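K.L.:
Take this structure first; my questions come after.
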Amino acid sequence: MWVRKVNVKEVRVGLMGCGVVGSALAEILCEEHAVIAASSGVRLRLGKTLVRDVAKVRHGAAERLVLTDCLDVALEDRQEIVVELIGGDDVALRAVRRSLRAGKNVVTANKVILARYGEQLAELAHRKGCSLAYEASVGSCIPVLQSLDHTLASERFSALAGILNGTCNYILTRMERDGLGYEDAVREAQKKGLAEADPAADVSGSDAACKLVILARKAFNASLRPADVPTEGIESVSARDLAFAKTFGCAIRLLATARRSAAGLELRVGPHLVPFDHPFATVRNESNAMQLDGDSVGRLFFAGPGAGAKPTARAVLGDILSIATGERDCVPGRRSLDLERPLFRPAADAENRYYLRLSFDDQPHVLAGATRILDACGVEVHRVEALGAGHGDIVFLTHSTTRGRIQSALARLKRLRFLSEAARAFPVYDDQGDPS
């Protein structure tokens, strides 16, 4: 039998963080070390692992790790690659900065520090000749960042959009498909490990906004930060909204969108009605999906698991091996550093069709008053649906209008008598995939 001989080199890896993803990575490295060495020619050896609490009881492969709660001690180890999986933005940021300054290569899945400080970190890595890899920060194991960095590096993009938060997508799926209320769906996501005890970062849209910044920075060669993204979460989406959306042939998804035009770059995160014939409407549970529109490649669609310990750990391992084998250059190049602050299209000028729901205690008065207000604000109505007599809901589907007009209408609708709760308004994602 012929056996290929592989010269195996040892690479020392420092792990910072041993939570869900860190533990999954440790398990993969322990269980598959022989396969990894045989296939890549690299034997990965874990050094000291930085954790917040060394006394915490751990199971599986994590039990065999050498733990420390001191960043100085962790960084004194002879790591060639530091893997940051701590999360948050304080200790994690210090760990990444100090690792790069010490000439160590870094792999991270931390979308918060990348969205806020990614440009500074890339400059530091470039100066030190170190790799900075973060495929797992957006879409878990979906290889979209790698594609933007390499295969599509010279492509000019006009638009991108995505379902970038698996927690929100799971919650909306359970509400839509199984009739769960919002709070029940959140609790179920927490039990499955898809949502934190405090799910605010996910459900508020801020997690998706960070991921959009990372994606749009690469796609549009633009200097961006999370504050540039008008953001709305899914807290206001109700079972009634999902039911009405269905009557219009739509699902509701939390979408992150970016579009470049002569008027400037337009960014947004928020719930959208998505027509059933668009692929985004079929993305369910914790899956993620991304769509990119390029001038020469046309439309590209990426989809896969957007959350979960094992898929994320696999993406992290892929970055580790890319650096260890040198098969992919992860040192930030000039293109990723020479970013320009873009012209932004004013958020109020963004155009969409809109879904608008009013809950009423007196239908005739609400319908007449709302129609006058929408007309006065320049919002043209395409369709009206009403449910309930005496009290219930009125839903308007508008023609294309601006966000500014809708916001003006919402401000005036608040003053209507007989409304039983605040009006809801969500944009409709164009059935051709154009975010405008």
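K.L.:
Is it the case that some residue within the range 159-171 is surrounded by fewer than 20 Cβ atoms within 10 Å (Cβ to Cβ) and either among the small types (G, A, S) or closer than 29 Å to P342 by Cβ (or both)?
P.N.:
At the first step, the residues of the range 159-171 found to be surrounded by fewer than 20 Cβ atoms within 10 Å (Cβ to Cβ) are none.
Checking the range 159-171: not a single residue is surrounded by fewer than 20 Cβ atoms within 10 Å (Cβ to Cβ) and either among the small types (G, A, S) or closer than 29 Å to P342 by Cβ (or both).
K.L.:
Quickly run through the range 370-384 and pick out the residues that are open to solvent by less than 60 Å² (accessible area, probe 1.4 Å) and either assigned to a strand (DSSP E or B) or not small (G, A, S) (or both). Quick ask: steps written out before the conclusion?
P.N.:
First, pick out the residues of the range 370-384 that are open to solvent by less than 60 Å² (accessible area, probe 1.4 Å): 370, 373-374, 377-379, 381.
Result: I373, L374, C377, V379, V381.
K.L.:
Keeping to the range 329-339, report how many residues are under 19 Å from S137 (Cα atoms) and buried (at least 16 other Cβ atoms within 10 Å of the Cβ).
P.N.:
Within the range 329-339, residues that are under 19 Å from S137 (Cα atoms) and buried (at least 16 other Cβ atoms within 10 Å of the Cβ) number 4.
K.L.:
Filter the range 47-60 down to residues that are under 29 Å from the mean Cα position of the chain (by Cα) and among the aliphatic types (A, V, I, L, M), then give me how many there are.
P.N.:
Residues in the range 47-60 being under 29 Å from the mean Cα position of the chain (by Cα) and among the aliphatic types (A, V, I, L, M): 2 in total.
K.L.:
I would also like to ask the following. Going through the range 321-344 one residue at a time, which ones are under 22 Å from the mean Cα position of the chain (by Cα) and at pLDDT 95 or above?
P.N.:
R341, P342, F344
K.L.:
Moving on to the next point. Identify all residues within the range 105-121 that are within 12 Å of E135 (Cα to Cα) and assigned to a helix (DSSP H, G or I); write none if there are none.
P.N.:
The answer is K111, L114.
K.L.:
Continuing with the same structure: Out of E196, E286, report the one residue that is without any contact (Cβ under 8 Å) to a residue 60 or more places away in the chain and more than 16 Å from A159 (Cα to Cα). Outline the logic, then answer.
P.N.:
Working: E286 fails: without any contact (Cβ under 8 Å) to a residue 60 or more places away in the chain.
After applying the criteria, what remains is E196.
K.L.:
Are any residues in the range 263-282 open to solvent by 10 Å² or more (accessible area, probe 1.4 Å) and more than 25 Å from D349 (Cα to Cα), and if so, which ones?
P.N.:
F276, D277, P279, T282
K.L.:
Which of the residues belonging to the range 31-52 are at pLDDT 90 or above, open to solvent by 40 Å² or more (accessible area, probe 1.4 Å) and not in a strand (DSSP E or B)?
P.N.:
Those that are at pLDDT 90 or above, open to solvent by 40 Å² or more (accessible area, probe 1.4 Å) and not in a strand (DSSP E or B): E31, E32, H33, A34, V35, A38, S39.
K.L.:
On to the next question. Taking the options V269, V229, name whichever one is free of Cβ contacts under 8 Å to residues at least 60 places away in the same chain, of a type in the set (V, I, T) and closer than 17 Å to L164 by Cβ.
P.N.:
Among V269, V229, only V229 is free of Cβ contacts under 8 Å to residues at least 60 places away in the same chain, of a type in the set (V, I, T) and closer than 17 Å to L164 by Cβ.
K.L.:
Here is a follow-up. Please go through (1) crowded, with 21+ Cβ neighbours inside 10 Å; (2) out of contact with any helix residue (DSSP H, G or I) (no Cβ under 6 Å at 6 or more places or on another chain) for S204 and return the number of the only condition it doesn't satisfy.
P.N.:
Here S204 clears every test but (1).
K.L.:
Turning to a different aspect of this structure: Can you tell which of S99, S39 is touching a Leu at 6+ places or on another chain (Cβ under 8 Å) and of a type in the set (S, T, N, Q)?
P.N.:
It is S99.
K.L.:
Please find, within the range 230-248, the residue that is farthest from the chain's Cα centre (by Cα) out of those that are part of a loop (DSSP other than H, G, I, E, B) and at pLDDT below 95.
P.N.:
Only one residue fits best here, namely F248.
K.L.:
Would you check which residues across the range 153-165 are modelled with pLDDT under 95 and either under 21 Å from A136 (Cβ atoms) or in contact with a helix residue (DSSP H, G or I) (Cβ under 6 Å, 6 or more places away or on another chain) (or both) and list them?
P.N.:
A153
K.L.:
List pairs: first in the range 344-355 and polar (S, T, N, Q), second in a loop (DSSP other than H, G, I, E, B), Cβ under 9 Å, 6+ apart or cross-chain?
P.N.:
N352/S400; N352/Y429; N352/D430; N352/P435; N352/S436
K.L.:
Suppose we keep only residues that are touching a residue at least 40 places away in the same chain (Cβ under 8 Å) and either touching a Gly at 6+ places or on another chain (Cβ under 8 Å) or not in a loop (DSSP other than H, G, I, E, B) (or both) within the range 175-190. Which one would you say is surrounded by the fewest Cβ atoms within 10 Å (Cβ to Cβ)?
P.N.:
R177
K.L.:
Out of all the residues in the range 191-201, which are surrounded by 18 or more Cβ atoms within 10 Å (Cβ to Cβ) and more than 16 Å from S236 (Cα to Cα)?
P.N.:
Hits for the range 191-201 are L194, A195.
K.L.:
Can A251 be described as of a type outside the set (V, I, T) and closer than 27 Å to G87 by Cβ?
P.N.:
It is false that A251 is of a type outside the set (V, I, T) and closer than 27 Å to G87 by Cβ.
K.L.:
What are the residue pairs meeting all of these: first residue in the range 89-102, first residue of a type in the set (D, E), second residue modelled with pLDDT of 95 or more and not in a helix (DSSP H, G or I), Cβ atoms under 9 Å, and 6 or more apart or on different chains?
P.N.:
Within 9 Å, the pairs are D89/N110.
K.L.:
Sticking with this structure for a sec: Output the number of the condition that F301 fails; it satisfies all remaining conditions of (1) without any contact (Cβ under 8 Å) to a residue 24 or more places away in the chain; (2) in a loop (DSSP other than H, G, I, E, B).
P.N.:
Failing condition for F301: (2).
The values are calculated or read from the model by the stated rules, or taken from the named source; none is laboratory data. Quick caveat, the model's predicted, so the values are computed rather than measured. Note that each Cβ is placed from the backbone with ideal geometry, even for glycine, and that neighbours are counted across all protein chains shown. Accessible surface areas use protein heavy atoms only, side chains included; no ligands, DNA or RNA. Shrake-Rupley method; radii C 1.70, N 1.55, O 1.52, S 1.80 Å.
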